[in-house]
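Here's the structure we're looking at; comments come further down.
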Amino acid sequence: MGTMITLNIRGENAMVKAQMKHQGHRLFHSVEASMNGSLAVGNNEMVRQQFWKFKEEIPDADIFVFDFKKAIAFATDLDVGEKGVDTLIKDKAAIKAIARMLENGEEPAEPFEEWINGIPYLTIFYPILNEAQCFHCHGSSRKVLGGAMIRVSAQKAFATIRAARNRNIVIGAVGLGIIIMLIYASFQRLVNRQIQVLLGATRRIGEGDLTCRCEVKGRNEMSHICQQINDMSDNLRNMFKDILSGSETMASSSAELSAISQKMSLGAEQTSEKSSAVATAAEEMSANMTSVASAMEQTSTNVGMMATAAEQMTATIHEIAQNSETARSITDEAVSQAQRASAKIEELGKAANEIGMVTETITEISEQTNLLALNANIEAARAEVNQNVAQSSAVSAEIAKDISDVNQAAAEMSNSSSQINLSAQKLSKLADQLKEMVKRFSV
């Protein structure tokens, strides 16, 4: 709003300056037209009277005409005389603008604002160019003959601008107040009410009421804050539930700790009693340690005796080692003899096996002889039929006797062979055991 008022004031100032410049331009052209007729005939007095008449009709404006040397030739102010135009101007920028205008003949772009005796004035400069109608007096060598300065009072215009500015300020202030009231009402309706709700909810939470809830409406920032407060209330409620459960657990634990402390107190008393017993036992142990020390001294003496005996045993072991070497050579010879005996016993076993085979053969022969005896008996029976009974009976009796002798001899031989074979096997086992014992002894 302030920016709009400032821009409006600047726009009005610029518009007033443009209008006054335009009016000054028209005024200059009308004055210039009236001057040209009088100056063409050389009547400067007529020009002065026109300027005085102009001052009477327009008292708020002054016109100054000066030559290229800045000397004033005609003016509406009678007190000026023939002063230089520089003496009437306090603005250095305006003085520089006059010098540029007299040099290049171009009109300054903007009017200059001055304050004289507390009254604002707008000063406008116009160049007076050397035209063909002026050549008869001034010649044609110069481009610019001089210039004109029109100073117009801007007091009324600025008063009008100030009135308009004040009016705009009042209107802007009223509008700004209305806008502020509308913003306040909107803020009160959209923000303050929800803030009051939030404050009530936080106050209830602070008092311990964790069941309160904020109503969430819309998706603005206040709604997000309400949702966050609801979440905080839920989290606090859950946390206090956990704390309550933990306090109950702590209460039960404290009861258990109390019971444990009582047990520990009782155990401490028992420990104290046992410590006394341990102290008594320690005293007895000290006495025993003294006895043990005496026994250790006796043991040290015995160890010395054992060391002496060990030295003697070392010498004895050395002699045994020498005798063992001699026994080793004898044992090797015994092993050799045992191996030869074992070989002979194996040969004996083989011979016994062969005798057994011969015995089996004899047994088979005796069985066959028994068959022959049977056949002879059969033949004897037939001989009885054929009346040769006597011969056949005698022959049959001899054959039966011979067969009985053979069978008996075979049985005795078989028994002897079995005993020889059994004895050979026993000798073989004894020889193997002797060989093993000799090997162990030799190792």
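Nothing in this text is a laboratory measurement; each read-out follows from the coordinates by a stated rule. The model shown is predicted, which means the values in this text are computed figures rather than measured ones. Here the Cβ positions follow ideal geometry from the backbone for every residue, glycine too, while neighbour counts run over all protein chains shown.
Structure notes:
- Neighbour-count ranking [beta-carbon atoms within 10 angstrom, fewest first] of Tyr184, Tyr121: Tyr184, Tyr121
- Per-peptide average of other Cβ atoms within 10 Å, ordering 254-265, 168-179 highest first: 168-179, 254-265
- Mean Cβ count within 10 Å, highest first, over the residues of peptides 203-213, 145-155: 145-155, 203-213
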